[in-house]
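First the structure, then my questions, so here it is.
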Amino acid sequence: MGSMLSIARAEIRRHNRAAIRCGCGLPASHLLDGLLEDVLTCAPAALHAMDGHAFEGSFLRDPAPAVASVTLGMLADGLTPRQAEHVLWLMLQLAAGEGGGEALDSSSLYARTFRVLRGGLTLIYREFLNNPWGRQEARDLLDILETEQGKPAFYEELLRSAC
């Protein structure tokens with residue numbers, strides 16, 4: 001990330017981490033503060049350990065929207081293809097949570113998380129087109145998040161024609 005300001009770090013600072021109750025019952029400070037460093041040191045096990053914190057099985061927990069915004073910040077900041085693959089996996093867990101059929105204008109935890117993730121569709125498309133390690137996770141995310149019918153298929157065809 002060099003000397004540039006980090007979007008992911010800004011997203012961590014933007015959220016009142018002490019006011020968000022983590023799925024484990026503690027304030028979410030431990031979760032968001034460690035997330036960035038875990039990914040940057042390529043610790044995929046730490047991302048899988050979000051189960052019980054940002055989500056529990058298929059149920060989202062209170063930190064889910066904040067974790068979604070931090071993961072999008074990480075993609076925007078730039079990650080190695082392997083790091084991005086793991087971040088996309090975490091995003092997929094958030095997007096596939098129970099309650100995905102709720103209205104986008106709902107204030108529910110699920111709707112708020114999905115709106116955050118949908119705000120990063122361009123980043124997800126970038127990973128789909130350019131990251132062979134994270135391509136499947138990105139495609140699965142597009143299947144869940146994209147509301148413009150036919151757009152993922154267009155990009156899939158674009159990718160096939162470029163090979």
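Only one residue in GLY78, GLY101, GLY52 is surrounded by fewer than 16 Cβ atoms within 10 Å (Cβ to Cβ), touching a Cys at 6+ places or on another chain (Cβ under 8 Å) and either of a type outside the set (Phe, Trp, Tyr) or modelled with pLDDT of 90 or more (or both), so which one is that?
GLY52
Right, something else. Determine whether THR113 is surrounded by fewer than 18 Cβ atoms within 10 Å (Cβ to Cβ) and among the β-branched types (Val, Ile, Thr).
Values: surrounded by fewer than 18 Cβ atoms within 10 Å (Cβ to Cβ): no; among the β-branched types (Val, Ile, Thr): yes.
For THR113, the condition - surrounded by fewer than 18 Cβ atoms within 10 Å (Cβ to Cβ) and among the β-branched types (Val, Ile, Thr) - is not met.
Go through the residues of region 59-82 one by one and say whether even a single one is farther than 21 Å from ARG135 by Cα and in contact with an Asp or Glu (Cβ under 7 Å, 6 or more places away or on another chain).
So far as region 59-82 goes, yes, one or more of its residues are farther than 21 Å from ARG135 by Cα and in contact with an Asp or Glu (Cβ under 7 Å, 6 or more places away or on another chain).
Going by what's in this entry, would ALA66 be described as modelled with pLDDT under 95 and more than 15 Å from the chain's Cα centre (by Cα)?
Working: modelled with pLDDT under 95: yes; more than 15 Å from the chain's Cα centre (by Cα): no.
So ALA66 does not fit the description; no.
When you go through ARG139, ARG160, ARG126 one by one, which is the residue that is farther than 22 Å from ALA8 by Cβ, in a helix (DSSP H, G or I) and modelled with pLDDT of 95 or more?
Just one listed residue meets the conditions, ARG139.
May I pose another question? Within region 116-163, work out how many residues are aliphatic (A, V, I, L, M), open to solvent by 50 Å² or more (accessible area, probe 1.4 Å) and within 13 Å of the chain's Cα centre (by Cα).
1
Sticking with this one: Could you identify the single residue in ALA45, ALA28 that is at pLDDT below 90 and in contact with a strand residue (DSSP E or B) (Cβ under 9 Å, 6 or more places away or on another chain)?
On the way: ALA45 fails: in contact with a strand residue (DSSP E or B) (Cβ under 9 Å, 6 or more places away or on another chain).
Among ALA45, ALA28, only ALA28 is at pLDDT below 90 and in contact with a strand residue (DSSP E or B) (Cβ under 9 Å, 6 or more places away or on another chain).
The values are calculated or read from the model by the stated rules, or taken from the named source; none is laboratory data. Please read all numbers here as calculations on a predicted model, not as lab measurements. For neighbour counting, all protein chains shown are included, and Cβ atoms are generated from backbone atoms with ideal geometry for every residue, glycine included. These area figures cover heavy atoms from the full protein model, side chains too; ligands, DNA and RNA do not enter into them. Shrake-Rupley method; radii C 1.70, N 1.55, O 1.52, S 1.80 Å.
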